[in-house]
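Undergrad: Have a look at this one.
The values are calculated or read from the model by the stated rules, or taken from the named source; none is laboratory data. Computed from a predicted model, the values in this text were never measured in an experiment. In this analysis, Cβ positions are derived from the backbone assuming ideal geometry, glycine residues included, and neighbour counts consider all displayed protein chains.
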Amino acid sequence: MRGEAIVGSTNSTLDADIVIVGAGMSGLYALKVLSERGFRVVVLERAAGVGGTWYWNRYPGARCDIPSLEYSFGFDPELEQEWDWTEHFAGQPEIERYLNHIADRYDLRRDIRLETGVAAATFDEATDTWVIDTETGEQLRARYCVMATGGLSAPHRPDWPGLDTFAGEVVQTSLWPEDGVELEGRRIGIVGNGSSGVQAIPELAQVAGHLTVFQRTAAFTWPSQNKPLTDEEQAEVKARYRELRAQQYASPLATANTSGAVIFTVADPDRHILSSTPEEREAALDEHGFSASRIWGDAAKDLDANEMAVELFREMVRRTVHDPEVADSLCPKDYPIGCKRPVLDNGYFETFNRPNVSLVDLGKDPVVEVVPDGVRTMKGVVELDVLIFATGFDAVSGALTRIELRGRDGRLLRDDWADGPRAFMGFGVAGYPNMFMIIGPGSVGVLATYPPHIELQVGWIADFLGHLAANGHTHVEVEPAAQDEWCAEVEAAAQGSMFTAPTCNSWYNGGNIDGKARVFPIYLGGLDRFMARARSIAASGYEGFTIR
Ligand code: NA7
């Protein structure tokens with residue numbers, strides 16, 4: 001731990017000024033910034049390595065769906081220049097290497113305790129400190145807790161009956177073993193068709209003896225058009241990186257439209273599918289292929305327009321997949337484009353034309369149970385050696401509700417969030433003093449490109465902690481009224497969007513998990529507006545927070 005003095009504290013019995021939970025992208029950057037500001041920081045991380053998402057999700061095909069040159073930090077121009085990306089959309093190994101490079105380059109490892117998950121965190125009102133209990137039985141006391149726990153980090157796996165009787169191997173894409181899984185020539189089953197499943201399926205098909213895909217909901221996925229980054233493309237971006245970063249920091253989604261970002265045909269606000277002719281739609285299919293479903297301005301807000309765009313998507317599925325019954329199952333139905341995060345793929349639909357790939361449409365042929373030999377559906381047993389769950393996450397709130405997180409008066413966050421997460425701009429929660437979250441519920445969340453988004457959030461939190469320390473404060477807490485007002489604003493901003501359409505179930509709104517409250521805790525007003533608000537809160541002396 002660096003730093004000699006405990007800043008803003010008179011209590012020398014503290015183990016740290018700040019405990020950061022998580023050594024993913026946000027935890028690493030928060031450690032760097034907060035220790036540079038003189039705080040004594042300890043990072044606790046459950047994994048055996050740094051990288052968070054990019055440590056755990058090492059399944060075949062794992063890849064970022066944001067261009068590498070934008071999905072990287074901009075805080076250090078030297079780092080930007082020295083790091084070379086090899087592809088427009090970096091694969092997991094490359095991003096994991098990048099984050100390890102950051103840990104080494106800024107000498108962060110000495111303050112990170114790996115294989116040290118947090119089991120409980122309890123606010124001690126008598127001393128205004130947090131007591132952290134780790135899964136390894138240690139206890140630490142710190143003034144502040146910064147939750148860098150990620151929005152997609154609490155793995156979700158359905159509890160299929162008989163799973164523990166399976167004689168083969170059960171793995172999860174989000175908990176993929178570091179030493180790999182034997183896949184060559186084996187009979188593999190995979191459950192789930194979100195980004196993880198869609199990325200893994202084409203890769204698995206190439207090595208499997210046979211691959212069976214168990215599908216509950218058909219995916220909207222578009223060809224990623226990933227390709228190697230040429231030296232020229234990279235040099236062109238690096239030459240104007242400052243300007244591009246400035247664009248990212250000031251934009252609604254932290255994007256800068258570098259060459260790699262112009263992958264999709266973007267919706268034209270003046271092009272309306274509702275008033276289009278069949279000939280115009282046919283021409284759009286010929287010109288744009290799958291992206292013909294994305295070019296219409298009215299499809300983002302109007303469900304009838306959206307359904308017409310979906311029909312163009314279905315037509316492309318039918319043109320791509322040879323077996324009409326399989327094609328029909330792979331056609332999304334009953335939910336709009338824009339409800340779930342768009343998926344980018346690498347030959348996903350074409351994979352279903354391979355002789356070693358079959359699809360079980362769980363809508364027509366549901367799972368009955370897992371048996372030692374495989375999975376029994378209504379129609380019979382699918383024999384398997386490996387069963388892979390790509391079934392997503394208890395998103396946004398799950399990483400925190402899985403911790404025994406107790407605030408004032410012994411209240412438990414899991415109970416407080418039983419009807420959905422409530423927080424003030426994602427930064428803090430009423431009743432949980434001295435706790436900050438990075439990209440928490442009520443922020444712009446995963447919608448804005450993470451690294452620049454993290455930089456803005458961590459910068460704001462670090463300034464706030466600096467302000468508290470400089471003024472000798474030891475207690476900060478969100479005011480309930482400020483939290484209520486912000487939650488109402490988040491709700492209002494989401495009205496009429498496809499994310500909250502009645503037919504939309506997704507991890508964004510909790511609809512992916514049985515029994516989870518249906519709340520959409522992401523601010524759709526854009527990162528630019530969000531940060532302007534955050535800055536005005538800071539300028540007002542942190543209105544909305546009680547400080548003492
Ligand atoms: P997602 O996008 O939540 O996808 C999970 C998939 O697993 C999805 O197709 C689910 O179907 C399916 N699922 C979940 N539970 C079940 C059960 N019980 N039975 C069958 N199928 C099930 O998670 P990903 O990991 O793919 O991606 C998450 C984000 O990571 C992604 O958006 C990117 O931002 C990166 P459903 O659609 O819920 O019916």
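Undergrad: Just give me the residues in the range 392-406 being assigned to a helix (DSSP H, G or I), touching a helix residue (DSSP H, G or I) at 6+ places or on another chain (Cβ under 8 Å) and not hydroxyl-bearing (S, T, Y), in sequence order. Can you show your working first?
TA: Going residue by residue through the range 392-406, those that are assigned to a helix (DSSP H, G or I) are 398-401.
This time we only want the ones that are touching a helix residue (DSSP H, G or I) at 6+ places or on another chain (Cβ under 8 Å), so: 400-401.
Of everything in the range 392-406, just one residue is assigned to a helix (DSSP H, G or I), touching a helix residue (DSSP H, G or I) at 6+ places or on another chain (Cβ under 8 Å) and not hydroxyl-bearing (S, T, Y), namely L400.
Undergrad: Residues of the range 37-96 being acidic (D, E), in a helix (DSSP H, G or I) and in contact (Cβ under 8 Å) with a residue 40 or more places away in the chain, which ones? Lay out the reasoning, then the answer.
TA: Pass one, the range 37-96, residues acidic (D, E): 45, 65, 70, 76, 78, 80, 82, 84, 87, 94, 96.
Pick out the ones that are also in a helix (DSSP H, G or I) and you get 78, 80, 82, 94, 96.
Result: E80, E96.
Undergrad: So, one more: Kindly indicate whether any position in the range 199-208 is within 14 Å of the ligand (Cβ to nearest atom), polar (S, T, N, Q) and on the phi < 0 side of the Ramachandran plot.
TA: The answer is yes, given that some residue of the range 199-208 is within 14 Å of the ligand (Cβ to nearest atom), polar (S, T, N, Q) and on the phi < 0 side of the Ramachandran plot.
Undergrad: Checking the structure you have, find out if any residue of the range 156-173 is within 16 Å of the ligand (Cβ to nearest atom), of a type outside the set (A, V, I, L, M, F, W, C) and more than 24 Å from T401 (Cβ to Cβ).
TA: yes
Results for (1) crowded, with 18+ Cβ neighbours inside 10 Å; (2) within 14 Å of the ligand (Cβ to nearest atom); (3) more than 19 Å from the chain's Cα centre (by Cα), shown as yes or no for each residue.
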site	(1), (2), (3)
S506	yes, yes, no
N512	yes, yes, no
K516	yes, yes, no
V519	yes, no, no
G525	no, no, no
A538	no, no, yes
T546	no, no, yes
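Undergrad: Does T149 qualify as being of a type in the set (S, T, Y), within 26 Å of the chain's Cα centre (by Cα) and more than 9 Å from the ligand (Cβ to nearest atom)?
TA: It is true that T149 is of a type in the set (S, T, Y), within 26 Å of the chain's Cα centre (by Cα) and more than 9 Å from the ligand (Cβ to nearest atom).
Undergrad: May I ask you to list pairs of residues, at least six apart or on different chains, whose Cβ atoms are under 7 Å apart, with the first in the range 7-25 being modelled with pLDDT of 95 or more and the second being among the polar types (S, T, N, Q) and assigned to a loop (DSSP other than H, G, I, E, B)?
TA: Sorted first by the residue in the range 7-25, then by its partner, the pairs are D17/S9; V21/T149; G22/T149.
Undergrad: Considering each of D409, D415, D385, D419 in turn, give the residue that is surrounded by 19 or more Cβ atoms within 10 Å (Cβ to Cβ), charged (D, E, K, R) and at pLDDT 95 or above.
TA: D385
Undergrad: Determine the pairs where a residue that is without any contact (Cβ under 8 Å) to a residue 40 or more places away in the chain, located within the range 308-331, has a partner that is among the polar types (S, T, N, Q) with Cβ atoms under 6 Å apart, the partner being 6 or more residues away or on another chain.
TA: From the range 308-331, the pairs are A309/S293; L312/S293; H322/N353.
Undergrad: Related question: Among strands (runs of 3 or more DSSP E) lying entirely in the range 103-165, which contain 3 or more residues that are at pLDDT 95 or above, buried (at least 20 other Cβ atoms within 10 Å of the Cβ) and of a type outside the set (G, A, S)?
TA: Values: elements: 118-124, 129-134, 139-147.
Of the strands (runs of 3 or more DSSP E) lying wholly inside the range 103-165, those with at least 3 residues that are at pLDDT 95 or above, buried (at least 20 other Cβ atoms within 10 Å of the Cβ) and of a type outside the set (G, A, S) span 129-134, 139-147.
Undergrad: Oh, and also: Output the qualifying pairs, or none if there are none: Cβ atoms under 8 angstrom, residues six or more apart or on different chains, first residue in the range 211-235 and within 16 Å of the ligand (Cβ to nearest atom), second residue acidic (D, E) and assigned to a loop (DSSP other than H, G, I, E, B).
TA: S224/D65
Undergrad: Any residue in the range 511-534 that is farther than 18 Å from Y450 by Cβ and in contact (Cβ under 8 Å) with a residue 12 or more places away in the chain sitting within a Cβ distance under 9 Å of a residue that is charged (D, E, K, R) and in a loop (DSSP other than H, G, I, E, B)? List the pairs, counting only those 6 or more apart or interchain.
TA: Going by the 9 Å Cβ cut-off, the qualifying pairs are N512/K340; N512/D394; I513/D394; K516/D394; A517/D419; V519/D419; V519/R422.
Undergrad: If you go through the range 417-428 one residue at a time, do you hit one that is within 16 Å of the ligand (Cβ to nearest atom), at positive phi and touching a residue at least 40 places away in the same chain (Cβ under 8 Å)?
TA: no
Undergrad: Whether any residue in the range 139-146 is under 30 Å from S506 (Cβ atoms) and in contact (Cβ under 8 Å) with a residue 12 or more places away in the chain is what I want to check. Break it down into steps so the answer makes sense when it comes.
TA: Quick first cut of the range 139-146, residues under 30 Å from S506 (Cβ atoms) only: 145-146.
Now narrow it down to the ones that are in contact (Cβ under 8 Å) with a residue 12 or more places away in the chain: 145-146.
Yes, some residue in the range 139-146 is under 30 Å from S506 (Cβ atoms) and in contact (Cβ under 8 Å) with a residue 12 or more places away in the chain.
Undergrad: If you don't mind, another one. Scan (1) touching a strand residue (DSSP E or B) at 6+ places or on another chain (Cβ under 8 Å); (2) loosely packed, with under 14 Cβ neighbours inside 10 Å for the single condition W486 breaks and write down its number.
TA: (2) is the only condition that W486 fails.
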